[in-house]
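The values are calculated or read from the model by the stated rules, or taken from the named source; none is laboratory data. Keep in mind that this is a model prediction, so the values were computed, not measured. A quick note on method: Cβ atoms are made from the backbone with ideal geometry, for glycine too, and the neighbour counts reach across all protein chains shown.
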Amino acid sequence: MPGQRRALHLSRLHVILVAAGALVIGTLLALASDDAAATRGQLTVNGIAPASLPAAVPTDEGRLRLPLALPELPVSAAPPAAAPRAAEPAADWQESRIRRGDTLSSIFKRLGLAQGAIHELVRLGKPARVLRRLQPGQTLRVRHDGERLLELVIRESDLESVRFYQVDGQFHVQRVVRELERRVAFGAGTIESSLFESGIAAGLSNALIMELAGIFGWDIDFVLDIRKGDQFRLLYEEQYLDGRKVADGPILAAEFTNRGKTWRAIRYTYADGRSDYYDPSGLSMRKAFLRTPVDFTRISSRFGKRKHPVLNRMRTHKGVDYAARAGTPIRAAGDGKIVFRGRKGGYGRTIIIQHGARYSTLYAHMSRYHKRARKGRYVKQGQVIGYVGSSGLATGPHLHYEFRVNGVHRNPLTVRLPNARPIARSRKDNFLAHAQRVMAQLDMYTETQLASLRR
């Protein structure tokens with residue numbers, strides 16, 4: 001009996017232990033199953049379900065951007081607070097207009113900048129010379145961080161500025177040139193009394209009128225040859241900056257009709273930037289000599305027989321006298337070498353220039369010589385060699401001008417002047433195509449203007 005009781009007790013204990021073990025295992029399996037279900041059903045971020053996060057916003061760069069108003073994180077998930085940092089001062093731009101008597105030092109003082117940077121700037125060589133020749137009215141802009149200079153810009157004109165800037169603590173300098181917008185404009189007119197008055201009436205500036213006269217001045221004397229009814233038309237460049245016209249550019253093509261004869265000129269620019277004017281066939285509009293080497297008011301005496309105004313007897317006048325104000329510049333008619341400079345009898349102060357083997361020119365009655373016009377020196381066409389006066393046998397200030405071919409005097413007003421070099425042979429085809437396009441454009445503008453006048 002005792003043995004049976006003990007076996008029964010062990011059997012009951014075994015059942016209890018098995019039941020307890022099953023209960024524990026079942027509980028653990030249930031918990032694991034709940035966690036797994038929760039993990040598959042939703043993702044949490046720091047304990048916050050996505051439903052409570054704000055919606056992401058797509059950006060232009062293809063990224064997603066979260067709004068700044070994020071929900072508060074649980075206290076336990078909050079990152080540790082960072083130590084406060086001192087805010088860095090922001091770099092500011094200031095502008096100052098240069099006053100009379102200003103120096104870079106006085107400007108820096110006025111703007112509250114440290115003077116030490118001045119020495120660094122002026123040591124930057126030739127481009128930094130602008131800092132030593134500040135002009136009243138110029139604009140100076142600086143970017144700085146407190147007293148520390150970061151960048152300085154000096155505006156020399158609407159188009160050009162000089163910029164000083166820092167890279168890795170070292171100052172550098174660069175010249176900044178803004179590009180102009182270029183537009184093509186058209187002008188035309190008919191002479192009533194003078195080219196100047198008709199040009200102004202056509203809306204041309206003084207500079208454009210002078211340029212027009214210069215282009216055709218080798219063939220037309222705009223003082224003596226102009227007649228009422230002569231006509232001109234031209235295409236020229238206008239230059240704009242920020243939508244505002246700032247200047248006239250060069251004449252691109254022009255036409256002038258004088259006494260029924262028409263001349264045409266086209267501007268052509270070579271690859272090296274050099275520009276010149278040619279007729280539609282490629283011949284240079286320039287001649288090897290200026291027709292008149294001085295700006296004169298009238299011709300006081302022409303080439304040929306005349307009664308000498310001082311000697312009071314008939315003599316052959318071997319040149320042309322151009323009356324002009326005393327001191328008016330006299331220019332070399334062509335490239336050449338000064339072979340004589342000095343007094344020459346009744347000619348007074350005189351210069352003779354030899355132009356190659358065939359040609360020579362003489363300029364007399366000067367008041368004084370230009371300091372660079374010395375015997376033996378070479379001069380360029382248009383270079384000033386002296387000034388109008390009345391030295392020698394002269395009744396008033398004027399230039400006596402002679403033109404000689406192989407030693408023989410020729411009338412400077414009518415002698416056929418040799419042409420300058422034509423368009424380079426290597427550029428001829430390119431020029432002819434360019435000339436055709438430009439002249440077609442000039443004709444188109446003319447037809448458009450005539451059509452508008454007929455309405």
Do the conditions hold for Val130, that is, is it at pLDDT 85 or above, surrounded by 15 or more Cβ atoms within 10 Å (Cβ to Cβ), hydrophobic (A, V, I, L, M, F, W, C) and over 30 Å from Leu224 (Cβ atoms)? no
Would a scan of segment 298-310 turn up a residue that is at pLDDT below 90, polar (S, T, N, Q) and not in a strand (DSSP E or B)? no
Return only the number of the condition from (1) exposed (fewer than 14 other Cβ atoms within 10 Å of the Cβ); (2) under 30 Å from Ala333 (Cβ atoms); (3) out of contact with any Lys or Arg (no Cβ under 9 Å at 6 or more places or on another chain) that Arg259 does not satisfy. (3)
Which numbered condition Arg372 fails, given (1) surrounded by 13 or more Cβ atoms within 10 Å (Cβ to Cβ); (2) part of a loop (DSSP other than H, G, I, E, B); (3) not small (Gly, Ala, Ser): (1)
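Results for (1) more than 28 Å from Arg100 (Cβ to Cβ); (2) touching a Phe, Trp or Tyr at 6+ places or on another chain (Cβ under 6 Å); (3) surrounded by 18 or more Cβ atoms within 10 Å (Cβ to Cβ); (4) not assigned by TED's automatic domain parsing to the domain that holds Gln115, shown as yes or no for each residue.
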{"position": "Leu149", "(1), (2), (3), (4)": "no, no, yes, no"}
{"position": "Asp158", "(1), (2), (3), (4)": "no, no, no, no"}
{"position": "Phe164", "(1), (2), (3), (4)": "no, yes, yes, no"}
{"position": "Phe171", "(1), (2), (3), (4)": "no, yes, yes, no"}
{"position": "Gly199", "(1), (2), (3), (4)": "yes, no, yes, yes"}
{"position": "Asp221", "(1), (2), (3), (4)": "yes, no, no, yes"}
Residues that are touching a Lys or Arg at 6+ places or on another chain (Cβ under 8 Å) and not polar (S, T, N, Q), drawn from segment 410-437: Arg410, Pro412, Leu413, Leu417, Pro418, Ala420
Going by the structure shown, is Val142 surrounded by 15 or more Cβ atoms within 10 Å (Cβ to Cβ) and under 26 Å from Leu241 (Cα atoms)? yes
Residues that are at pLDDT 85 or above and either closer than 25 Å to Leu224 by Cβ or touching a Cys at 6+ places or on another chain (Cβ under 6 Å) (or both): does segment 371-379 have at least one? no
Hey, does segment 189-212 have a residue that's assigned to a strand (DSSP E or B) and modelled with pLDDT of 85 or more? yes
